[in-house]
Amino acid sequence: MLKIIAAHDNEFLIGNKNKLPWNIKEDIEHFHKEIEGKVILMGRITYESIKNIKNNFKVKKIIVMTKNLNYDPKDSDILIFHKIIDVLQYSEKEDIYICGGSEIYEQLLPYTKEMIITEIKGIYEGDSYFPLYDNKEFKLIKEKKLSDQAIVKYLSRIKKK
Ligand SMILES: NC(=O)c1ccc[n+]([C@@H]2O[C@H](COP(=O)([O-])OP(=O)(O)OC[C@H]3O[C@@H](n4cnc5c(N)ncnc54)[C@H](OP(=O)(O)O)[C@@H]3O)[C@@H](O)[C@H]2O)c1
């Protein structure tokens, strides 16, 4: 199964110059807790932006997507995928947490069964956005307040009849 984990502001902004537009410690802690022991996947650009801190991630495996067949992540533990079909096949055996960024969310959202979305209050400056989606396709399972600035929504795709 594919699960998206993301944080966006009131206007669905997720990034600014390859960084998060905000620094909210409660959300960072929440992110680390949710991905602990899990297989996570991200695009090459997001990977490059976090690779110096990736050892703080207590995950089972990191998968990076790139179209570059010669890409060297400089870490033999990183699994590289070049195609969406590789992600879909892997996720039949094991859940994958999709950790962004914008391009990766956009392409994998149609296959995603669950989303863990932190809504960050306010309008920030930036250049990367979460894809627009029909919120009638998802139902709210649970809500958790992290701080006055951040609320987490656990969403599940409504099965088609
Ligand atoms: N707020 C949040 O929750 C959150 C989470 C994560 C990231 N972000 C932000 O998102 C921004 C980055 O997003 P982005 O869209 O620029 O980059 P991205 O999605 O992280 O990575 C894009 C790269 O992924 C690879 N890729 C994309 N589609 C592919 C496919 N179908 N097959 C194989 N490889 C594929 C390509 O790598 P190659 O160019 O190597 O081919 C592409 O350049 C940053 O600002 C980051 O801080 C925010």
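The values are calculated or read from the model by the stated rules, or taken from the named source; none is laboratory data. The shown structure was predicted, so the numbers you read here are calculated from the model rather than taken from an experiment. Because the Cβ atoms are built from the backbone with ideal geometry, glycine has one as well, and the counts that use them run over all protein chains shown. Areas reflect the complete protein model, heavy atoms only, side chains present, ligands, DNA and RNA absent. Shrake-Rupley method; radii C 1.70, N 1.55, O 1.52, S 1.80 Å.
Given the criteria closer than 14 Å to GLU119 by Cα, touching a strand residue (DSSP E or B) at 6+ places or on another chain (Cβ under 8 Å) and either part of a loop (DSSP other than H, G, I, E, B) or open to solvent by 20 Å² or more (accessible area, probe 1.4 Å) (or both), does GLU34 qualify? In short, no. Screening ILE14 against (1) within 8 Å of the ligand (Cβ to nearest atom); (2) under 29 Å from LYS159 (Cβ atoms); (3) surrounded by fewer than 18 Cβ atoms within 10 Å (Cβ to Cβ) leaves a single unmet condition, (3). Would it be correct to say that ASP27 is within 9 Å of the ligand (Cβ to nearest atom) and either among the hydroxyl-bearing types (Ser, Thr, Tyr) or in contact (Cβ under 8 Å) with a residue 40 or more places away in the chain (or both)? The answer is yes for ASP27. Looking only at segment 102-129, residues that are loosely packed, with under 15 Cβ neighbours inside 10 Å and β-branched (Val, Ile, Thr) come to 1 in all. Tell me which residues, restricted to segment 64-104, are in a strand (DSSP E or B), in contact with a Leu (Cβ under 6 Å, 6 or more places away or on another chain) and either away from the ligand (no atom under 11 Å from the Cβ) or among the polar types (S, T, N, Q) (or both). Residue satisfying the conditions is ILE96 alone.
Total residues in segment 70-128 satisfying the condition of being free of Cβ contacts under 8 Å to residues at least 40 places away in the same chain, touching a Ser or Thr at 6+ places or on another chain (Cβ under 8 Å) and of a type outside the set (A, V, I, L, M, F, W, C): the figure is 1.
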